[in-house]
1. Could you name the lysines whose alpha carbon sits less than 23 Å from that of residue 145, not counting residues in the same chain fewer than 8 places away?
2. For every other residue with a beta carbon closer than 11 angstrom to the beta carbon of residue 29, add +1 if it is Lys or Arg and -1 if Asp or Glu, then tell me the sum.
3. On C-alpha positions alone, give me the angle between the axis of helix 171-186 and the longest principal axis of the chain, in degrees, nearest 10.
4. Using R₀ = 41 Å, calculate the FRET efficiency as 1/(1 + (r/R₀)^6) where r is the Cβ-Cβ separation of residue 50 and residue 197; round to 0.05.
5. Search the structure for amide H atoms under 5 Å from the amide H of residue 47, placed 1.01 Å from N in the peptide plane, and list their residues when 5 or more places away or on another chain.
6. Summing Lys, Arg as +1 and Asp, Glu as -1, what charge do residues with Cβ under 15 Å from the Cβ of residue 128 carry, residue 128 excluded?
7. Where does each of 43-55, 88-100, 178-190 land if you order them by average Cβ count within 10 Å, highest first?
8. Tell me, how many Å apart are the Cα centres for the stretch 78-93 and for the stretch 98-121?
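Values in this text are rule-based calculations from the coordinates and carry no lab data. What you see is a predicted model; the values in this text were computed from it and never measured. Cβ placement follows ideal geometry from the backbone for every residue including glycine, while neighbour counts extend to all protein chains displayed.
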Amino acid sequence: MALPALAQTPADRPAPTPIRASKVILVGDSTTAVQGGWGPRFCADHLVSFAACINLARGGRSTYNYRAEGSWAVVDAEMRTPGYVATWVLIQFGHNDQPGKPGRSTDLQREFPDNLRRYVAEVRTAGAIPVLVTPLTRRQFADGKLIDDLGPWADAVRGVARELDVPLVDLHARSRQLVQAMGPVLAMQLAQSPASQEQVAAALNGTTVDAAPASAAGSAAQRAVLEPMGQAKRAFDYTHLGDKGADVFATIVAEELARSVPALRPLLLP
């Protein structure tokens, strides 16, 4: 059987226009990372195909241990990958920098802002563009009022952004406003799994409560030995996001980026 003739390229075919690809890198903790954060929905739903989106956020990480374990070295390599006309690096920390996180906590007055300053400087040295993101609010209430335990860390991020003239996505302010308006019961819909009956009953009275004590399957300390730090798992809590929560806050991040980083607007989808 005769083989078909090879198609001929028309001599008058115009030369293709080279693409101008960009890259967005996400850096942070579990509230940005896969299964629990807004990052996956942001990458999937809010950037055009000319923008590569790489989510390098990891659960359980602070401004200290993200660098200490080597995750920042991966970011540095991604920032220096050739072929992109622009690379933006979104940096969101705070949850694990708070006190009481062994091996992770940082001093709010000095170490936390110093770590952010160092990240910003190294992003710029690599030829990329830093964007600071204030930490996503938790969704705990007392007497109908949202508890703002991350406010001081959000303020520190804002301060570094002003000092170093870095674009800011104030996710903390936007998420607090939204969650307070939703109230403790509706805000439960943003979590990964349904709340218990006891938790819903408490929320109906305006105050959220934690889950029941660990069962015989093992205490929190025992689980920490068995599970790697930041291991993705689906459970109800007042911090991490399910599909609905990820959709909501990814949209907010895209809206804030359109305002604070005009050069990114052509790459963002509503």
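1. In chain and number order, the partners are 244.
2. Once all neighbours under 11 Å are counted, the net charge is +3.
3. 50 degrees
4. So, using R0 = 41 Å, E works out to roughly 0.30.
5. Excluding prolines and chain starts, which carry no amide H, the hits are 269.
6. Counting the neighbours of residue 128, the net charge comes to +1.
7. Working: 43-55: 16.4, 88-100: 22.7, 178-190: 18.2.
For the peptides 43-55, 88-100, 178-190, the packing ranking is 88-100, 178-190, 43-55.
8. Rounded to whole Å, the Cα centres lie 22 Å apart.
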